[in-house]
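Pasting in a structure now, in structure tokens, and then I'll have a few things to ask.
The values are calculated or read from the model by the stated rules, or taken from the named source; none is laboratory data. Just so it is clear, the structure is predicted and the values come from calculations on it, not from any experiment. With ideal geometry, Cβ positions are generated from the backbone for all residues, glycine too; neighbour counts draw on all protein chains shown.
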Amino acid sequence: MTGPCAMNYEILKVSEADGVVTVVNSRPQALNALNSRFFAEMGALLKDLAGRGDVKVVVLTGEGKAFAAGADIAEMKDMDSAQGKAFSQLGQGVFQAMEDLPQPVLAAVNGFALGGGCELAMACDVRVASSAAKFGQPEVNLGLTPGYAGTQRLPRLIGPGAALSLLLTGDMIAADEALRLGLVQKVTAPEALMTEVQAMAKKIASKGPKAVRLVKRLVRQGMRADFKTGCGLESELFGSLFGDEGAEGMKAFLEKRPAKW
Ligand code: CO8
């Protein structure tokens, strides 16, 4: 497939099989650094995927030795303050659209995930890393702060102390350390990465499709709300599956047969 939407992709390689869309960030000559074109393509793709009921899971990875080595420094170097702010808002908007996408997004972190690349991974729902992957927020080395919500997502994922230690030193950490900190959920051998992530994607794609989307929505919306509001939403959406997908799932269990979604 050339891509599920009308946009002609130059950077993203998009393929689809059995309800799983795989997106490869593919500008390896610049270590897949995130430029305006990347955000335009990713924004268009997400808009299209959001309306695709047949797409159950999205997998995101990078080509070559990087997942993404950050925002594109060559594009940013001559920006003034207003352009810098706009470039930050552009990236934040696209990453927010990833979080708001109804389908889960799994990051297969194949290599460097630095700066904006680490922020991209953090906007995904689950992160699986190759043992060759490296993570970090090196913006302070460039006299910058993160701009794609890294100062907000990192402490929410690994706590403020661990986040500040990475953000203030700009240190790069290996995949095992990222696993220990809870930044990634699993580490695999480099050659096993895509097989493992595709297997996880297929497993998720086989579950109740409405339940899967609602689980993501509940966690994402709940994390932005207070506990009571999150619980209220959970009861409402839990209830919405009765007389619907949940009825078939429970009937199938009692009849000892696979559910027909
Ligand atoms: N932007 C643009 N080009 C890059 C980037 C980048 N972030 N990273 C690497 N490249 C390019 C290199 O310039 C080089 O190009 P060329 O071959 O033309 O010289 C090519 O990719 C290969 O890179 P290296 O030769 O450096 O490869 P190495 O294997 O020697 O090193 C590293 C790999 C360690 C990953 C190294 O490339 C590096 O340190 N990269 C920069 C990492 C970094 O600082 N990232 C943070 C960028 S800032 C950021 O992400 C802020 C996010 C928020 C922005 C908000 C908007 C305003």
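For the structure I just gave you, tell me whether Pro102 is in a loop (DSSP other than H, G, I, E, B), within 16 Å of the ligand (Cβ to nearest atom) and in the same structural domain as Met172 (by TED's automatic domain parsing). Break it down into steps so the answer makes sense when it comes.
Details: in a loop (DSSP other than H, G, I, E, B): yes; within 16 Å of the ligand (Cβ to nearest atom): no; in the same structural domain as Met172 (by TED's automatic domain parsing): yes.
Criteria not met by Pro102.
A further question on this structure: Return yes when Asp54 is without any contact (Cβ under 8 Å) to a residue 60 or more places away in the chain, part of a loop (DSSP other than H, G, I, E, B), surrounded by fewer than 21 Cβ atoms within 10 Å (Cβ to Cβ) and of a type outside the set (Ser, Thr, Tyr) and no when it is not.
Numbers: without any contact (Cβ under 8 Å) to a residue 60 or more places away in the chain: yes; part of a loop (DSSP other than H, G, I, E, B): yes; surrounded by fewer than 21 Cβ atoms within 10 Å (Cβ to Cβ): yes; of a type outside the set (Ser, Thr, Tyr): yes.
Taking the combined requirement at face value, the residue satisfies it.
Going by what's in this entry, would Leu49 be described as crowded, with 18+ Cβ neighbours inside 10 Å, touching a Gly at 6+ places or on another chain (Cβ under 8 Å), assigned by TED's automatic domain parsing to the domain that holds Ala74 and not β-branched (Val, Ile, Thr)?
Details: crowded, with 18+ Cβ neighbours inside 10 Å: yes; touching a Gly at 6+ places or on another chain (Cβ under 8 Å): no; assigned by TED's automatic domain parsing to the domain that holds Ala74: yes; not β-branched (Val, Ile, Thr): yes.
No.
Separate question: Mind checking which residues of segment 162-210 are among the small types (Gly, Ala, Ser) and under 18 Å from Lys65 (Cα atoms)? If you could, list the steps in order and put the result at the bottom.
Here is the first cut: in segment 162-210, the ones among the small types (Gly, Ala, Ser) are 162-163, 165, 170, 174-175, 178, 182, 189, 192, 199, 201, 205-206, 208.
Matches in segment 162-210: Ala174, Ala175, Ala178, Ala189, Ala192.
Given the criterion acidic (Asp, Glu), in a helix (DSSP H, G or I), modelled with pLDDT of 95 or more and in contact with a helix residue (DSSP H, G or I) (Cβ under 7 Å, 6 or more places away or on another chain), identify the matching residue among Glu248, Glu234. Lay out the reasoning, then the answer.
Numbers: Glu248 fails: in contact with a helix residue (DSSP H, G or I) (Cβ under 7 Å, 6 or more places away or on another chain).
When all the criteria are applied, what remains is Glu234.
Please state which one of Gly116, Gly93 is within 10 Å of the ligand (Cβ to nearest atom), of a type outside the set (S, T, N, Q) and farther than 18 Å from Thr22 by Cα.
Details: Gly93 fails: within 10 Å of the ligand (Cβ to nearest atom).
From the options Gly116, Gly93, the qualifying one is Gly116.
Show the residue pairs that are 6+ apart or on different chains and have beta-carbon atoms under 6 Å apart, the first residue being within segment 77-92 and in a helix (DSSP H, G or I), the second being of a type in the set (D, E, K, R) and near the ligand (Cβ under 8 Å from one of its atoms).
From residues that are in a helix (DSSP H, G or I), there are no pairs.
Sticking with this structure for a sec: Would you be able to tell me the number of residues in segment 120-154 that are surrounded by 21 or more Cβ atoms within 10 Å (Cβ to Cβ), farther than 22 Å from Met194 by Cβ and near the ligand (Cβ under 10 Å from one of its atoms)?
So the answer is 7.
Right, another one. Please work out if Ala163 is within 30 Å of Asn141 (Cα to Cα) and either of a type in the set (A, V, I, L, M, F, W, C) or touching a Cys at 6+ places or on another chain (Cβ under 9 Å) (or both). Give the steps one after another, and end with the answer.
Numbers: within 30 Å of Asn141 (Cα to Cα): yes; either of a type in the set (A, V, I, L, M, F, W, C) or touching a Cys at 6+ places or on another chain (Cβ under 9 Å) (or both): yes.
Judged against the criteria, Ala163 is a match.
Something else: Just a yes or no: is a residue in segment 15-28 within 12 Å of the ligand (Cβ to nearest atom) and crowded, with 20+ Cβ neighbours inside 10 Å?
Step one: of segment 15-28, the residues within 12 Å of the ligand (Cβ to nearest atom) are 27-28.
In the following step, the residues that additionally are crowded, with 20+ Cβ neighbours inside 10 Å were identified as 27.
Yes - at least one qualifying residue is present in segment 15-28.
Further question on the same structure: Which condition number does Phe67 fail, the rest of (1) free of Cβ contacts under 8 Å to residues at least 60 places away in the same chain; (2) within 15 Å of the ligand (Cβ to nearest atom) being met?
(1)
Quick check: anything in segment 187-206 hydrophobic (A, V, I, L, M, F, W, C) and over 27 Å from Lys134 (Cα atoms)? Break it down into steps so the answer makes sense when it comes.
Initially, segment 187-206 is screened for residues hydrophobic (A, V, I, L, M, F, W, C), giving 187, 189, 192-194, 197, 199-201, 204-205.
Of the ones still in play, those that are also over 27 Å from Lys134 (Cα atoms) are 205.
Yes; the residues of segment 187-206 include at least one that is hydrophobic (A, V, I, L, M, F, W, C) and over 27 Å from Lys134 (Cα atoms).
Please list, ordered by first then second residue, the pairs with beta carbon atoms under 6 Å, 6 or more apart or interchain, first in segment 138-158 and at negative phi, second within 7 Å of the ligand (Cβ to nearest atom) and among the basic types (Lys, Arg).
none
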